[in-house]
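Notes follow the structure.
Readers should treat all values here as calculations from the given coordinates under stated rules, not as data from a laboratory. This structure is a prediction, so every number in the text was calculated from the model and none was measured. Don't worry about glycine lacking a Cβ; one is built from the backbone with ideal geometry, like all the others, and counts go over all protein chains shown.
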Amino acid sequence: MPTRVCAESELELGEAIKVIVDGVAVALVKDSAGNCFALGDMCSHADISLSDGFVEGDDLECWAHGGRFELATGRARTLPASEPVPVYPLTIVDGDVYVDVSTQVDVSAYVA
């Protein structure tokens, strides 16, 4: 079930914030084009909060070791990260952001 996590206006372009949804840490990201994404907040390499990292184009970069994760798919793009992070369904309704951590986005169409 989707949970309201914030107002869209609270998300800044090129930034990530951490929210907790039903006990799950989620990194909310608004890329430079204004697209919003919800990814698992823990780096798959070292259990570091990704929301403390950097939005670089279509990626969220872990501040600790530089592992990068694709925003749309969660797939690891650079070492030392080699495992993906989950991507959760995100919707915006009347200016509010909702995330559903009970399921993950089917990214099979994006991943070769």
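What the table shows:
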| quantity | calculated |
| --- | --- |
| Signed unit charges on C-beta, dipole axis of the chain, positive-most listed residue S44, L71, A33 | S44 |
| Cα-projected label distance for L79 with S108, points at 7 Å along beta-carbon direction, nm | 3.0 nm |
| Average Cα contact separation per residue, the chain, under 8 Å, 6 or more apart, as relative contact order % | 25 percent |
| In order through the range 37-44: 3J(HN,Hα) via Karplus (6.51 cos²θ - 1.76 cosθ + 1.60), integer Hz, x for Gly, Pro | 9, 10, 10, x, 7, 9, 4, 6 |
| Long-range amide H partners of E15 with built H, under 5 Å | K30 |
| Whole-Hz couplings from phi, Karplus 6.51/-1.76/1.60, listed for the range 70-83; x for Gly and Pro | 5, 4, 6, 10, x, 5, 6, 9, 9, 6, x, 6, 10, 10 |
| Net lengthening on full extension, R4/A64 (0.36 nm per residue, minus Cα-Cα) | 18.7 nm |
| Under the Karplus curve 6.51 cos²θ - 1.76 cosθ + 1.60, θ = phi - 60°, whole-Hz ³J(HN,Hα) for the range 10-22, x wherever Gly or Pro sits | 7, 8, 9, 4, x, 10, 10, 10, 9, 10, 10, 10, 6 |
